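Accompanying notes for the structure given below.
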Amino acid sequence: GSHRAAAARAGEPMMSIGDKNPAKTLEMLQLNDELNTVVKSDSMCSRRHAMARAAGLAAGLAMAQVNKPGFAAATKMVKLGADNGQLVFVPDEIEICKGDSVTWTNNKAGPHNVVFDEEAIPEGVTQESISMDGLLNDEGATFTKKFDVAGSYAYYCEPHRGAGMNGALTVA
C-alpha cells in the first residue's frame with residue numbers, strides 16, 4: 001500500500017475500485033461521463049440529456065432509471081394566437097430533441113389547428129400521423145404531439161394560413 005499512501009499524501013483524488021458497492025462505482029463513472037458530455041458536446045440535445053441523467057444520478061436515482069428512453073424528454077409549449085389577438089404561433093420557430101413533445105394551446109382569436117405541410121416534413125413521416133383532426137375552439141384547449149424523427153417540419157393553422165399563421169419545428 002505504499003503507492004496508496006503516496007497518492008493520499010500528494011492530495012490526488014483517489015477512487016477505490018475495490019469499493020464495497022460496485023453499482024455505486026459504476027454510477028460515479030457514468031456521472032463523470034455525463035458531466036464531460038455537458039461540457040464538451042456541441043449538440044444541444046446531447047448536453048440536455050446528459051445534464052438530466054447526471055442530475056438524476058446525483059439525486060440518487062439508479063442507472064437503470066436514468067438510462068430509460070424518454071428520461072430526459074421535454075415538452076415545448078406553443079400558443080395559438082398572440083395575447084394581443086394577432087394570428088401567429090408563439091413562438092413560431094422551435095427546436096426540440098428526438099423523443100420530445102410539443103403542446104399547442106389555443107390562446108386567442110380561435111378557432112385554430114395545427115396542420116403539417118406534407119411537402120415540408122421528413123421522409124417517412126406521414127402528414128396525418130402528426131397533424132390535428134378538427135379545430136381547437138375553446139381557449140386553453142390543447143393538442144400535444146411527440147416527435148421521434150429528426151428533421152425540419154413546417155406547419156400552419158388551416159383557418160388562418162392566408163393570414164400567414166405558419167410555424168417551423170426542428171427536431172434534432
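The values are calculated or read from the model by the stated rules, or taken from the named source; none is laboratory data. In this text the structure is predicted, and so the values were computed from the model without any measurement. Here the Cβ is made from the backbone with ideal geometry for all residues, glycine too, and neighbour counts use every protein chain on show. Areas reflect the complete protein model, heavy atoms only, side chains present, ligands, DNA and RNA absent. Shrake-Rupley method; radii C 1.70, N 1.55, O 1.52, S 1.80 Å.
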Quiz item: Would you say R9 is surrounded by fewer than 18 Cβ atoms within 10 Å (Cβ to Cβ) and at pLDDT below 95?
Solution: yes
Exercise. Report the residue count in the range 133-172 for those that are without any contact (Cβ under 8 Å) to a residue 40 or more places away in the chain and under 16 Å from M77 (Cβ atoms).
Key: 4
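Considering only residues that are open to solvent by 30 Å² or more (accessible area, probe 1.4 Å), assigned to a loop (DSSP other than H, G, I, E, B) and in contact with a strand residue (DSSP E or B) (Cβ under 7 Å, 6 or more places away or on another chain), which ones fall in the range 114-132? Walk me through how you get there before you give the answer.
We begin by selecting, within the range 114-132, every residue open to solvent by 30 Å² or more (accessible area, probe 1.4 Å); these are 117-120, 123-124, 126-129.
Checking the rest, the ones that are also assigned to a loop (DSSP other than H, G, I, E, B) come to 117-120, 123-124, 126.
The answer is D117, A120.
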Exercise. Please work out which one of (1) of a type outside the set (S, T, Y); (2) under 15 Å from A168 (Cα atoms); (3) open to solvent by 70 Å² or more (accessible area, probe 1.4 Å) is the condition L135 fails and give its number.
Key: (2)
Quiz item: Quick one: is S41 at pLDDT below 80 and under 28 Å from the mean Cα position of the chain (by Cα)?
Solution: yes
Quiz item: How many residues does the range 161-172 hold that are open to solvent by 30 Å² or more (accessible area, probe 1.4 Å) and in contact with a strand residue (DSSP E or B) (Cβ under 7 Å, 6 or more places away or on another chain)?
Solution: 4
